[in-house]
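**Student:** I'd like to ask you about the structure that follows.
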Amino acid sequence: MRLFVAVCPPAEVVSHLGTQIARLRVGAAAAAGARVRLVDPCDLHLTLAFLGDVETARLVDVESALGLAADSFRAGREAPPRLRLGGGGVFGDSRRTLLWVDARGDVEVLHGLARLVRERLRVAGLPYDDKPFRPHLTVARPGDRMDPTAVEADRTDLDEYAGPEWRTTELLLMRSRLGAARPRYERLAAWPL
Ligand code: 2AM
């Protein structure tokens, strides 16, 4: 199964961001029926580690590694990170263009949590993408179905955006199922931070 580790913003943060996205060009394009692939609000997440395909038999090892990472985080007595969404960026180009929103606030604490998670996965011999952690919430995958200058203008508009603050209190193990239209995400397990 295709797995990743994430934290998710609460409903009020998601709904505030949803209002902002609707005002962007990408939101208007989606409302007009363009296939800009807005991420379903209930799927918005911030990935700490992407494992990719893991055999079902190893799920127990993944859960144990993440439980240990959450234990280490709590033992460090660092308060769970307070974050707010604001600013953003564009990854990829042409068909791979995606628009994302940045996280601000206790981002260093989030980096520390991602380090703990990846370290526990490594020690357990589990796979993960070791690209440097770059916190982001993907909000749309417009690809080449939107003018790149419009995507760039949305990115600039996101600089003005500041969402409500929240405290990240759960580490989540997520499953992704790739579908024809969009990936489907499912929460498999959670640990308190
Ligand atoms: P993205 O939103 O920038 O695509 C599930 O695919 C989650 O894992 C997404 O948040 C995705 O980021 C992230 N992810 C990180 N590395 C990935 C990789 N190598 N392949 C697919 N998704 C990856």
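**Student:** Looking at (1) surrounded by fewer than 16 Cβ atoms within 10 Å (Cβ to Cβ); (2) assigned to a loop (DSSP other than H, G, I, E, B); (3) within 11 Å of the ligand (Cβ to nearest atom), which one does Gly125 not meet, given that it meets all the others?
**Tutor:** (3)
**Student:** Step by step: first the residues of the range 9-61, then only those that are within 16 Å of the ligand (Cβ to nearest atom), at pLDDT 95 or above and assigned to a helix (DSSP H, G or I), then the one that is farthest from Arg167 (Cα to Cα). Which residue is that?
**Tutor:** Val26
**Student:** In addition: Can you tell me which residue within the range 166-190, out of those that are surrounded by 13 or more Cβ atoms within 10 Å (Cβ to Cβ), touching a residue at least 40 places away in the same chain (Cβ under 8 Å) and of a type in the set (D, E, K, R), is farthest from the ligand (Cβ to nearest atom)?
**Tutor:** Arg167
**Student:** Among (1) in contact with a Lys or Arg (Cβ under 7 Å, 6 or more places away or on another chain); (2) part of a loop (DSSP other than H, G, I, E, B); (3) not hydrophobic (A, V, I, L, M, F, W, C), which single condition is Pro132 missing?
**Tutor:** Evaluating Pro132 over (1) in contact with a Lys or Arg (Cβ under 7 Å, 6 or more places away or on another chain); (2) part of a loop (DSSP other than H, G, I, E, B); (3) not hydrophobic (A, V, I, L, M, F, W, C) leaves (1) as the failure.
Here's the yes/no breakdown for (1) touching a Phe, Trp or Tyr at 6+ places or on another chain (Cβ under 8 Å); (2) within 12 Å of the ligand (Cβ to nearest atom):
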| residue | (1), (2) |
| --- | --- |
| Trp100 | yes, yes |
| Arg104 | no, no |
| Val109 | no, no |
| Asp130 | no, yes |
| Asp147 | no, no |
| Ala150 | no, no |
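**Student:** Can you name the condition, by its number, that Arg95 falls short on among (1) under 21 Å from Val26 (Cβ atoms); (2) in contact with a Phe, Trp or Tyr (Cβ under 7 Å, 6 or more places away or on another chain); (3) charged (D, E, K, R)?
**Tutor:** (2)
**Student:** Looking at Ala153 and the list (1) under 30 Å from Ala28 (Cβ atoms); (2) buried (at least 16 other Cβ atoms within 10 Å of the Cβ); (3) out of contact with any strand residue (DSSP E or B) (no Cβ under 8 Å at 6 or more places or on another chain), which single condition is not satisfied?
**Tutor:** Condition (2) is where Ala153 drops out.
**Student:** Quick check on this structure: which one of Thr149, Thr138, Thr156 is among the polar types (S, T, N, Q), at negative phi and not in a helix (DSSP H, G or I)?
**Tutor:** None of the other options fit; the residue is Thr138.
**Student:** Would you confirm whether or not the range 62-74 contains a residue that is closer than 30 Å to Ile21 by Cα and loosely packed, with under 15 Cβ neighbours inside 10 Å?
**Tutor:** No, because not a single residue in the range 62-74 is closer than 30 Å to Ile21 by Cα and loosely packed, with under 15 Cβ neighbours inside 10 Å.
The values are calculated or read from the model by the stated rules, or taken from the named source; none is laboratory data. Source: prediction; values computed, not measured. Methodologically, a virtual Cβ is constructed for each residue, glycine included, from the backbone with ideal geometry; neighbour enumeration extends over all protein chains shown.
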